[in-house]
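Read the structure below first, then the notes.
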Amino acid sequence: MYSYYQLSPRLTYGQELREAAGMSMGAYVNAPQTHSAILEAYYGIPVTPGLVVTPEFEYMMRPGETSVIPNAVLAGLKVIAAL
């Protein structure tokens, strides 16, 4: 699955103005935000009846919608059990 997130140009422009004025852009905002994308792959593996294991991989491009934070890789494992 591929997801793309585009922030409003007004938000980006407002953050650029605040940065130029030396003001804070908000909590946890490192630079003006523009866009972000996530590439995700997962697959459900039935282990036994009622038990499914799902390994998951995500590649996050421009996390936080800025280029200040490097791209990130996320790997995980989900276990689903029906009782």
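The values are calculated or read from the model by the stated rules, or taken from the named source; none is laboratory data. Note that the structure is predicted; figures quoted are calculated from it, not measured. No Cβ is skipped: glycine too gets one built from the backbone with ideal geometry, and neighbour counts run over all protein chains shown.
Against the condition at pLDDT 90 or above, in contact with a His (Cβ under 7 Å, 6 or more places away or on another chain), over 30 Å from residue 80 (Cβ atoms) and not aromatic (Phe, Trp, Tyr), how does residue 11 come out, does it pass? It would help to see each step written out before you state the result.
On the way: at pLDDT 90 or above: yes; in contact with a His (Cβ under 7 Å, 6 or more places away or on another chain): no; over 30 Å from residue 80 (Cβ atoms): yes; not aromatic (Phe, Trp, Tyr): yes.
Taking the combined requirement at face value, the residue does not satisfy it.
Please verify whether residue 55 is without any contact (Cβ under 8 Å) to a residue 40 or more places away in the chain, assigned to a strand (DSSP E or B) and either under 22 Å from the mean Cα position of the chain (by Cα) or exposed (fewer than 13 other Cβ atoms within 10 Å of the Cβ) (or both), treating the condition exactly as stated. Write out each step before concluding.
Numbers: without any contact (Cβ under 8 Å) to a residue 40 or more places away in the chain: yes; assigned to a strand (DSSP E or B): yes; either under 22 Å from the mean Cα position of the chain (by Cα) or exposed (fewer than 13 other Cβ atoms within 10 Å of the Cβ) (or both): yes.
Answer is yes for this residue.
Checking the structure you have, find out if any residue of the range 11-26 is under 19 Å from the mean Cα position of the chain (by Cα) and surrounded by fewer than 13 Cβ atoms within 10 Å (Cβ to Cβ). Write out each step before concluding.
Of the residues in the range 11-26, the ones under 19 Å from the mean Cα position of the chain (by Cα) are 11-12, 26.
Subsequent filtering for residues that are surrounded by fewer than 13 Cβ atoms within 10 Å (Cβ to Cβ) retains 26.
Taking every residue of the range 11-26 in turn, at least one turns out to be under 19 Å from the mean Cα position of the chain (by Cα) and surrounded by fewer than 13 Cβ atoms within 10 Å (Cβ to Cβ).
Out of all the residues in the range 32-52, which are surrounded by fewer than 10 Cβ atoms within 10 Å (Cβ to Cβ) and under 22 Å from the mean Cα position of the chain (by Cα)? Show your work before the answer.
If we filter the range 32-52 for residues that are surrounded by fewer than 10 Cβ atoms within 10 Å (Cβ to Cβ), which is where we start, we get 43, 45, 48-49.
Passing the criteria: only 43.
Among the residues of the range 34-41, is any in contact with a Lys or Arg (Cβ under 8 Å, 6 or more places away or on another chain), of a type in the set (D, E, K, R) and assigned to a strand (DSSP E or B)?
no
Restricting to the range 62-83, name every residue that is part of a strand (DSSP E or B), farther than 18 Å from residue 4 by Cα and among the small types (Gly, Ala, Ser).
Of the residues in the range 62-83, the ones part of a strand (DSSP E or B) are 72-81.
Okay, now just the ones that are also farther than 18 Å from residue 4 by Cα, so 75-81.
The answer is 75, 76, 81.
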